[in-house]
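Novice: Please see the structure below; I have some questions.
The values are calculated or read from the model by the stated rules, or taken from the named source; none is laboratory data. As the structure is a computational prediction, the values presented were derived from the model and not from experiment. Reconstructed Cβ throughout: ideal geometry from the backbone, glycine too, with neighbour counts over all protein chains shown. The area values use the complete protein model at the heavy-atom level, side chains included, leaving out ligands, DNA and RNA. Shrake-Rupley method; radii C 1.70, N 1.55, O 1.52, S 1.80 Å.
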Amino acid sequence: MSRSSKINKDLLQAPKGMRDFHGDIFYKKQGFFEKAQEIAEYYGFSGIELPVLEHEEIFTKGVGDNTDIVEKEIYTLKTKGGSKLALRPEGTAGIMRSYIEHGMGSLPQPIFLYYGGPFFRHERPQKGRYRQFYQFGLEIIGSENAVLDAIIIQTGYQILMETGTEISIKINTLGDSEVRKEYLKKLKLFYKKNKGRISTKDLERLEKNPLRVLDSKEPETIIVNEDAPTIIDTLNPTSKKHFKAVLEYLDAAHIPYEIDHTLVRGLDYYTHTVFEYVTYNSNGEESFALGGGGRYDELANFMGHSKRVPAVGLGLGVDRILEISKEEVFNPKIRKKPKFFFIQLGYEAKAKAFNIIEIMRKKKYPLKHSLSKNNLSKQLGIAETLSIPYALIFGQKEAIDGTVIVRDMKTRKQDTVKIVDLADHLKKLK
Ligand code: HAM
């Protein structure tokens, strides 16, 4: 058996739920990050980049042992040295780790950070859900002021407005830890009374985390949930005041939102404000969350830090944003429509071609070529297929004379131009 025939076909495919970005989508993704970063910079955020691996405990303690993310979806590994690491399933816990590690608490507060890149969750792949997915995140760390919840929601909203798609914002409050304790008690009692009416899956969830039952997608539980106690009725004055202030700031900024008392989000670190950006399919039904976030005033303490570090942030799902956004909206600055196609003929011309390509690069003229080809009509054919308006033809004679033929692909009009004058000549072309 030959060596190649032994290769398992699956080996030649990306792992399930992971994909390659090539062609237009590569540039669209890059264009999105460029746009999102630009907006974040204007809103006062600075960039940060963290490793994709963190100590596993950052997530078990930070995101929570009983969340779907940690219980089922996290990718963990043990290094040869025996450390237990995890591929980051989200960005917030790592950002808080970095804030503490680098003593950012001693800088003027709060700290505004943005980040982006790949995240990993072992979920069942489907439309808009991948095992390696991309997020763009914003975090404001070091203040509990409600105006910051609003500025996070506003910045995320403005980034999403760039997609050209209709977006709405759902918002809720989970109150502070005192409220949460009280509410969990009420919720457990409610579900105990309705034990016979909720799904078996949710009965198991109830023991570990009743808030997840509230978020259930099981049809029988959804019906029961209609009568579930709401956190709003449990709020203490501090939590009410905070939520009211966030809503007032959003109103003042004319940011549309809908209060949704069933919104709890799937991560344990949230307190007070939680929100999600949602979009609709062609039937007007809510399709999926394009992003979400909230306040996490106790995350630092969950992770073992002695000080309280109030913070608020969001994560946007880049894969989903790319899927729903209009074509051409995210075009990175480095991608330019080529105006010139460089054609060379013969050994001499091929060898000197590098000079011409370099002149074009220095003068910032986007250029395509097919240097490996030798035949004129083939190269002209490629220029036509790519709808490139001008061809630069560089044959044996031109290579010796130090000239280039500039051909208008539409009119077929040709000018012979000295290489030294090329850049000036091209400037005059439309
Ligand atoms: P999250 O809601 O788990 O929040 O994720 C944020 C967004 O990432 C989701 O709304 C969704 O658009 C996208 N997303 C999540 N999982 C997948 C997946 N498997 N495939 C494609 N897209 C996905 C967080 O991660 C928090 N760290 C957000 C945050 C920041 N909260 C405070 N600060």
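Novice: Take the solvent-accessible surface of the protein heavy atoms, probe 1.4 Å, and return the percent of it on the chain that carbon and sulfur atoms account for. Kindly include the intermediate steps, with their values, before the conclusion.
Specialist: Numbers: 12020 of 22990 Å².
Taking all protein chains in place, the chain shows 52 percent carbon and sulfur surface.
Novice: Rounded to the nearest 10 degrees, what's the angle between the helix 237-252 long axis and the longest principal axis of the chain, both from Cα atoms, 0 to 90?
Specialist: The two axes meet at around 30 degrees.
Novice: So what are the ³J(HN,Hα) numbers for the range 325-331, from phi and the Karplus equation (6.51, -1.76, 1.60; θ = phi - 60°), rounded to whole Hz, Gly and Pro as x?
Specialist: 7, 4, 4, 6, 6, 10, 10
Novice: Would you mind getting me the FRET efficiency between Asp424 and Glu57? Use the beta-carbon distance for r and R0 = 51 Å, nearest 0.05.
Specialist: With R0 = 51 Å, the Cβ-Cβ based efficiency is 0.20.
Novice: Something else about it: Any idea what the dipole of the chain comes to, in debye rounded to 20, about its Cα centre with Lys/Arg Cβ at +1 and Asp/Glu Cβ at -1? Please list the in-between numbers first.
Specialist: Working: 67 positive and 57 negative charges, 435 e Å.
The dipole of the chain has a size of about 2080 debye.
Novice: Over the chain, with the other protein chains present, what is the accessible area per residue in square angstrom, probe 1.4 angstrom?
Specialist: 53 Å²
Novice: Could you tell me the accessible area of His369 in Å² (1.4 Å probe, neighbours in place), rounded to the nearest ten?
Specialist: 80 Å²
Novice: Grab the beta carbon distance between Glu384 and Asp20, set R0 = 25 Å, and tell me the FRET efficiency rounded to 0.05. Don't skip to the end; give the middle numbers.
Specialist: Working: r = 29 Å, r/R0 = 1.16.
The calculated FRET efficiency here is 0.30.
Novice: Angle check, please: helix 24-42 long axis (alpha carbons) against the longest principal axis of the chain (alpha carbons), in degrees 0 to 90, nearest 10.
Specialist: 60 degrees
Novice: Quick one: what are the phi-derived ³J(HN,Hα) couplings along the range 211-226, Karplus 6.51/-1.76/1.60 with θ = phi - 60°, whole Hz, x for glycine and proline?
Specialist: 3J(HN,Hα) across the range 211-226, in whole Hz: 4, 5, 5, 5, 9, 4, 9, 6, x, 5, 6, 4, 5, 4, 4, 4.
Novice: Here is a follow-up. Suppose accessible area is computed on protein heavy atoms with a 1.4 Å probe; arrange Glu358, Glu123 from highest to lowest. The partial results should precede the final answer.
Specialist: Numbers: Glu358 70, Glu123 35 Å².
Largest to smallest exposure gives the sequence Glu358, Glu123.
Novice: What net charge is computed for the residues neighbouring Gly292, neighbours being all others with C-beta under 9 Å from the C-beta of Gly292, Lys and Arg scored +1, Asp and Glu -1? Write out the running numbers ahead of the final one.
Specialist: Values: positive: Lys170, Arg265; negative: Glu276.
Here the count lands on +1.
Novice: In a Gaussian network model over the chain where Cα atoms closer than 10 Å are linked, find which of Leu203, Leu267, Leu174 has the largest mean-square fluctuation.
Specialist: Maximum fluctuation in the GNM of the chain, among the listed residues, is at Leu203.
Novice: Here's another thing I want to ask about it. Please give the contour-minus-distance gain from Arg124 to Leu12: 0.36 nm per residue of separation, less the Cα-Cα distance, rounded to one decimal in nm. Display every interim value, and only then the final one.
Specialist: Details: separation 112, 0.36 × 112 = 40.32 nm, distance 2.07 nm.
So the extension gain works out to 38.2 nm.
Novice: Across the range 340-350, in residue order, what do the Karplus-derived ³J(HN,Hα) couplings come to in whole Hz, using 6.51 cos²θ - 1.76 cosθ + 1.60 with θ = phi - 60° and x for Gly and Pro?
Specialist: After applying 6.51 cos²θ - 1.76 cosθ + 1.60, I find 10, 10, 8, 10, 10, 9, x, 4, 4, 5, 4 Hz.
Novice: A follow-up question, please. Can you give the extra length, in nm with one decimal, that the chain gains between Lys186 and Glu248 once fully stretched, where that is 0.36 nm per residue apart less the Cα-Cα distance? Mind dumping the intermediate values first?
Specialist: Working: separation 62, 0.36 × 62 = 22.32 nm, distance 2.87 nm.
Roughly 19.4 nm would be gained on extension.
Novice: Comparing Leu160, Leu380, Leu85, which has the greatest mean-square fluctuation in the GNM of the chain with Cα pairs linked when under 10 Å apart?
Specialist: Leu380
Novice: At 1.4 Å probe size, what's the solvent-accessible area of Met161? Round to the nearest 10 Å².
Specialist: The accessible area comes out at roughly 90 Å².
Novice: Which entries in the list Lys28/Lys333; Lys244/Lys307; Lys352/Lys413; Lys35/Lys427 go over 19 Å, if you measure between the two C-alpha atoms of each? Could you put the intermediate results ahead of the total?
Specialist: Values: Lys28/Lys333 11 Å; Lys244/Lys307 26 Å; Lys352/Lys413 24 Å; Lys35/Lys427 29 Å.
Pairs exceeding the cut-off: Lys244/Lys307; Lys352/Lys413; Lys35/Lys427.
Novice: Between rounded, prolate and oblate, where does the chain land on the alpha carbon gyration tensor, with a ≥ b ≥ c its root eigenvalues, rounded for a/c under 1.5, else prolate if a/b exceeds b/c? Mind dumping the intermediate values first?
Specialist: Details: a/c = 2.49, a/b = 2.16, b/c = 1.15.
Here the chain falls in the prolate category.
Novice: First check a/c for the range 340-427, with a ≥ b ≥ c the square roots of the eigenvalues of its C-alpha gyration tensor; if it is under 1.5, answer rounded, and if not, answer prolate when a/b is larger than b/c or oblate otherwise.
Specialist: Working: a/c = 1.32, a/b = 1.07, b/c = 1.24.
Rounded, because the longest to shortest axis ratio a/c is under 1.5.
Novice: Given the options Gly23, Gly346, Gly293, state which has the largest fluctuation in a GNM of the chain using a 10 Å cut-off (strictly under) for Cα springs.
Specialist: Gly346
Novice: Rounded to the nearest 10 Å², what accessible area does Ser387 show when all protein chains are kept and the probe is 1.4 Å?
Specialist: 80 Å²
Novice: Quick one: angle between helix 376-385 and the longest Cα principal axis of the chain, in degrees between 0 and 90, rounded to 10, please.
Specialist: 30 degrees
Novice: Tell me which residues come under 5 Å, amide H to amide H, from Tyr75 once H is placed; ignore anything under 5 positions away on its chain.
Specialist: Counting only residues 5 or more places away or on other chains, the set is Leu87, His122.
Novice: For the chain, what's the relative contact order in percent, using C-alpha pairs closer than 8 Å and at least 6 residues apart?
Specialist: Relative contact order here is 16 percent.
Novice: So how strong a dipole does the range 296-357 carry about its Cα centre when Lys and Arg Cβ are +1 and Asp and Glu Cβ are -1, to the nearest 20 debye?
Specialist: Values: 11 positive and 7 negative charges, 93 e Å.
Once rounded to the nearest 20, the dipole reads 440 debye.
Novice: So if we plug the beta-carbon distance of Lys362 and Glu38 into 1/(1 + (r/R0)^6) with R0 = 25 Å, what FRET efficiency do we get, rounded to 0.05?
Specialist: On the way: r = 26 Å, r/R0 = 1.05.
Calculated transfer efficiency: 0.45.
Novice: Moving to a separate point now. Using amide H atoms built in the peptide plane, which far-off residues or other-chain residues are under 5 Å from Gln135 H to H?
Specialist: For Gln135, whose amide H was placed from the backbone, the distant partners under 5 Å are Gly117, Phe119, Val318.
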